[in-house]
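**Student:** Before I ask anything, let me first share the structure, which is written out below as structure tokens.
Here, each number is a calculation from the coordinates, and none is a lab measurement. None of the values given here were measured: they were computed from a predicted structure. Quick reminder, even Gly has a Cβ in these numbers, built from the backbone with ideal geometry, and neighbours come from all protein chains shown.
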Amino acid sequence: MLIMKKSFIFLLILQIISACSASKEKRQMERTSKEVGVKFTYKPENSVFSGFQLKVIPVDYRLELTEAQNQVIADLITEAFPENEITFDLKNKIEFVDSGVDLETISCSNCGSVIETELWQDGMTKAHETDFADMGFIAPCCKKEVSLNNLKYDTETGFSKYQVTIINPDFDKANHEEFVTLLEKQTGIKMKLIWAKY
């Protein structure tokens, strides 16, 4: 009887190990090297494409993550969203991470006045020429220099060399501080979420 119980427990452990291995197998990612950096794509068979995305970036836009750090983040996020297509971009230059059509108003971080979109776009074009190494922007309202990163965007946006994009996520599942807290705890990196619609 004792031998049968031990055999049963041993078989159960083997099944759990096999299930974990299978789960990890499903979460393998395709690695693509580009001139601007490296991109990893996780795409399960039943994933659905949509114009709704959840982006995850570090608060520090200058931060360059390693592939090892990305793997830690990828393990956590693919486990949280196993049925969604997810991309992980490690770039060698800073890029603007937007919120799509939800971004409507940009205001001065000094005086709070609304900045005309065309003037902001001119500032973005100029900063893009330096790969956003220089984000200085003279606010037309108060004539003071501010950083494009510090302007007040009416939806969460940011600048970053690293970006995770989750396609068509479950809003209720991800819209929790615990999600960011878990990422920060496991990586030691301050993160923020950007909801985007296209």
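**Student:** Just need a number here: residues in the range 25-52 that are in contact (Cβ under 8 Å) with a residue 40 or more places away in the chain, out of contact with any Phe, Trp or Tyr (no Cβ under 7 Å at 6 or more places or on another chain) and not basic (Lys, Arg).
**Tutor:** 11
Okay, residues lined up against (1) surrounded by fewer than 19 Cβ atoms within 10 Å (Cβ to Cβ); (2) charged (D, E, K, R); (3) assigned to a strand (DSSP E or B):
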residue: LYS126; (1), (2), (3): yes, yes, no
residue: PHE132; (1), (2), (3): no, no, no
residue: CYS142; (1), (2), (3): yes, no, no
residue: THR155; (1), (2), (3): yes, no, no
residue: VAL164; (1), (2), (3): no, no, yes
residue: THR181; (1), (2), (3): yes, no, no
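**Student:** Within the range 76-103, how many residues are part of a helix (DSSP H, G or I) and closer than 21 Å to GLY37 by Cβ? Before you say what the answer is, go through the steps one by one.
**Tutor:** Of all residues in the range 76-103, those part of a helix (DSSP H, G or I) come to 76-80.
Next, from what is left, pick out any that are closer than 21 Å to GLY37 by Cβ: 76-78.
Residues in the range 76-103 being part of a helix (DSSP H, G or I) and closer than 21 Å to GLY37 by Cβ: 3 in total.
**Student:** Checking LYS185 against (1) surrounded by fewer than 19 Cβ atoms within 10 Å (Cβ to Cβ); (2) in contact with a strand residue (DSSP E or B) (Cβ under 8 Å, 6 or more places away or on another chain); (3) over 24 Å from VAL48 (Cα atoms): exactly one of these is not met. Which one?
**Tutor:** Answer for LYS185: the failing condition is (2).
**Student:** VAL114 passes all but one of (1) aliphatic (A, V, I, L, M); (2) surrounded by fewer than 17 Cβ atoms within 10 Å (Cβ to Cβ); (3) under 15 Å from the mean Cα position of the chain (by Cα); which number fails?
**Tutor:** Of the numbered conditions (1) aliphatic (A, V, I, L, M); (2) surrounded by fewer than 17 Cβ atoms within 10 Å (Cβ to Cβ); (3) under 15 Å from the mean Cα position of the chain (by Cα), the odd one out for VAL114 is (3).
**Student:** Applying the selection to the range 160-198, what residues are hydroxyl-bearing (Ser, Thr, Tyr), within 25 Å of THR66 (Cβ to Cβ) and in contact (Cβ under 8 Å) with a residue 12 or more places away in the chain? Spell out the reasoning first.
**Tutor:** Residues of the range 160-198 hydroxyl-bearing (Ser, Thr, Tyr): 160, 162, 165, 181, 187, 198.
Now narrow it down to the ones that are within 25 Å of THR66 (Cβ to Cβ): 160, 162, 165, 181, 187.
Scanning the range 160-198 gives SER160, TYR162, THR165, THR187.
**Student:** Show the residue pairs meeting these rules: Cβ distance below 6 Å; 6+ apart or different chains; first residue within the range 137-159 and farther than 19 Å from GLU104 by Cα; second residue surrounded by fewer than 18 Cβ atoms within 10 Å (Cβ to Cβ) and aliphatic (A, V, I, L, M).
**Tutor:** GLU145/ILE138
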